[in-house]
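The values are calculated or read from the model by the stated rules, or taken from the named source; none is laboratory data. Given the structure is predicted, the values throughout are model-derived calculations rather than measurements. Note that we place each Cβ from the backbone using ideal geometry, even for glycine, and neighbour counts take in every protein chain shown.
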Amino acid sequence: MDLTRKGATAATRAAHVAMAAALPVDDGGDFALAERGFIGTIEDAEVPGAWSQRPFAFLEGERPDTVNPSLWRQARLNAHHGLFEVTPGVYQVRGFDISNITFIEGETGWIVIDPLTSAQPAAAALKLLRDSKGDRPVSAVIYTHSHVDHYGGILGVASPEEIAAGLRIIAPEGFLEAAVAENVLAGNVMSRRATHMYGGLLPKDPQGHVDSGLGKGTSTGRVALVAPTESITHTGQTLTVDGIEIRFQVTPDTEAPAEMNFFFPKFGALCMAENCTCHLHNLYTPRGAQVRDAKAWSFYIDEALEMFGADTRVMFASHHWPRWEAGPVRTFLTKQRDLYKYIHDQTLRMANHGLNATEIAEALRLPPTLEAEWHTRSYYGTLSHNAKAVYQRYLGWFDGNPANLHKHPPEAAGRRYVAAMGGAGPLLAEAGKAFEAGDYRWVAELVGHLVFAEPANLEARALQADAFEQMGYQAESGPWRDFYLTGAQELRNPRPPSDKPRQASPGQLRTMPTDHVLDSLSVRLNGEKAGAREIAFTALFTDTGERFAVRVENAVLHHRAGEGGPEVAITRDLLIDLVMGARPVEEAGLAGPGAAALTELLGLLDRFDLWFEISAP
Ligand SMILES: [Zn+2]
């Protein structure tokens, strides 16, 4: 059984040739934009322990046949790194993380927009700026939206003392709730799927991770969540920050639940946050998340055009490179606006004709005017999974066909498919023919049944991995490539089983409001174990003074502020240690009926293993 990584097949090479012929003309325009205003950088954007572009040096060579030609081009664009002048007074450091950090020259210091994912690259970016443009203090921080790659590195640009002294930190209304809530209740499964989406387990090489489409990947330094001091609550709100006027537009439920665009009249500069980037973004993020609202997204781009279009001389965003001059900016924003609206409208048009999500995803093509642009391409989101997202938002998972209403789950279906095909041998023979013909999607479907019926069948795992791998090589989308290649890697190198859950980091719980912490426990309550048991106690948090009535009935965990049942006095940190299993409850020094009830509840909580299987049962 050959479980090694393979090269590209003839079918994959042919698919690349066909794609290259269908791509827009490359006039070098994007490369000129990505290089414009370059001031300087540090070698390989090397930030020890957190970030480096060195592993991507292979992008300087010829395209290997294991990488989609369009993704290769985007990967090269995303390899640019350093400090850039957007316009005098506005500077960006790009390529020090998956996202951009932007600096605005205020009257007394630097206003920082989006301090990256982690502290070290943000500090390195600030140093690069100061060395070249002046050693001034940071006068304010703006978070464009509630995703970690836009706030997590704040401690690299502001010290805890500066924050405590009242540094202005400005964010859209709902920022904090969205930042803590979006990934908590489904956190384990999202984190696990993110290991596939961002290729973090893959080698960085021509047969592995080359790019995420949105950027190279996220930095791995120190992450923090510092609450904003000011919220932007409505469109049209204007602030003067360090002497600079900023006009805001709130854009809730677009790329993030809390997001905003804003305009600097002094510089004629428009920040489009992550609402307009140089590719098709995700309406559905394949790591798993609630689907986004394409209609709202498009509406807010249109509103930005209306509000700021006439005065904008340069537009920049939280990822990728800027656009200069009113005409090109307007064209770009108009096409981005219509990209999301087109997918929304055409998906529903076809759904109203009776096509299901899979059929729509297969049929949907962009109109020629949008297809002619590089910035509409599927480097991150894809036309395929975004069409499915629109369908899901309006119609959900069921396509209306009763055959799909109550299907067997994968292992049960797998056993039946394998039996119907006469066993593993005939199935593999058929799949082998499909592989030779380059029909990898069919191989994945057929062999998927066998892998779920017989997970120890090495021949099945090897063939499935080979099919995933070719689909990865063919993918234009960074996340699709990384999903396929990570799936292949895990089929070839199964992780040894463990009798203990291997959990993801518990850090996030400590930054959450107490009611969110309790909320997160409700999805860990094992309903079968809880059965008919009834538990009630009052949790008195001695450090915060909060009091919560906690109750289990009907196998459901409830909580509300107030009293209910015997009291247990506890600190937040101790509760988090107990629920994470960091300290056994017997050693916590708790006593009394309230403590007994809490102990009973702890015994009913599941612990999640990050490393559950995805491509196999
Ligand atoms: Zn981002």
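Below, the figures for the structure above:
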item: Lone unmet requirement of (1) outside the structural domain of residue 131 (by TED's automatic domain parsing); (2) out of contact with any Gly (no Cβ under 7 Å at 6 or more places or on another chain) for residue 58; result: (1)
item: Pairs where the first residue, in the stretch 303-331, is at positive phi and the second is within 16 Å of the ligand (Cβ to nearest atom), C-beta under 6 Å, 6+ apart; result: 320/277; 320/278
item: Contacts under 6 angstrom Cβ, first residue in the stretch 96-115 being in the same structural domain as residue 53 (by TED's automatic domain parsing), partner of a type in the set (Lys, Arg) and crowded, with 24+ Cβ neighbours inside 10 Å, 6 or more apart; result: 100/94
item: Some residue of the stretch 345-352 being part of a loop (DSSP other than H, G, I, E, B) and buried (at least 24 other Cβ atoms within 10 Å of the Cβ); result: no
item: Residues being touching a residue at least 60 places away in the same chain (Cβ under 8 Å), part of a loop (DSSP other than H, G, I, E, B) and closer than 16 Å to residue 493 by Cα - total across the stretch 429-461; result: 1
item: Residue match in the stretch 196-214 (condition: crowded, with 18+ Cβ neighbours inside 10 Å and not in a loop (DSSP other than H, G, I, E, B)); result: yes
item: Filter result (surrounded by 23 or more Cβ atoms within 10 Å (Cβ to Cβ) and away from the ligand (no atom under 16 Å from the Cβ)) within the stretch 247-261; result: 249
item: Yes/no for residue 124 being touching a residue at least 12 places away in the same chain (Cβ under 8 Å), away from the ligand (no atom under 16 Å from the Cβ) and aliphatic (A, V, I, L, M); result: yes
item: Filter pass, residue 83 being in contact with a Leu (Cβ under 9 Å, 6 or more places away or on another chain), part of a strand (DSSP E or B) and more than 16 Å from the ligand (Cβ to nearest atom); result: yes
item: Near pairs, Cβ below 8 angstrom, 6+ apart or cross-chain, from the stretch 236-264 (on the phi > 0 side of the Ramachandran plot) to any residue that is of a type in the set (D, E, K, R) and more than 14 Å from the ligand (Cβ to nearest atom); result: 236/247; 242/107; 243/107; 253/293
item: Selection count where residues are at pLDDT below 95, of a type outside the set (S, T, N, Q) and more than 15 Å from the ligand (Cβ to nearest atom), scope the stretch 267-290; result: 1
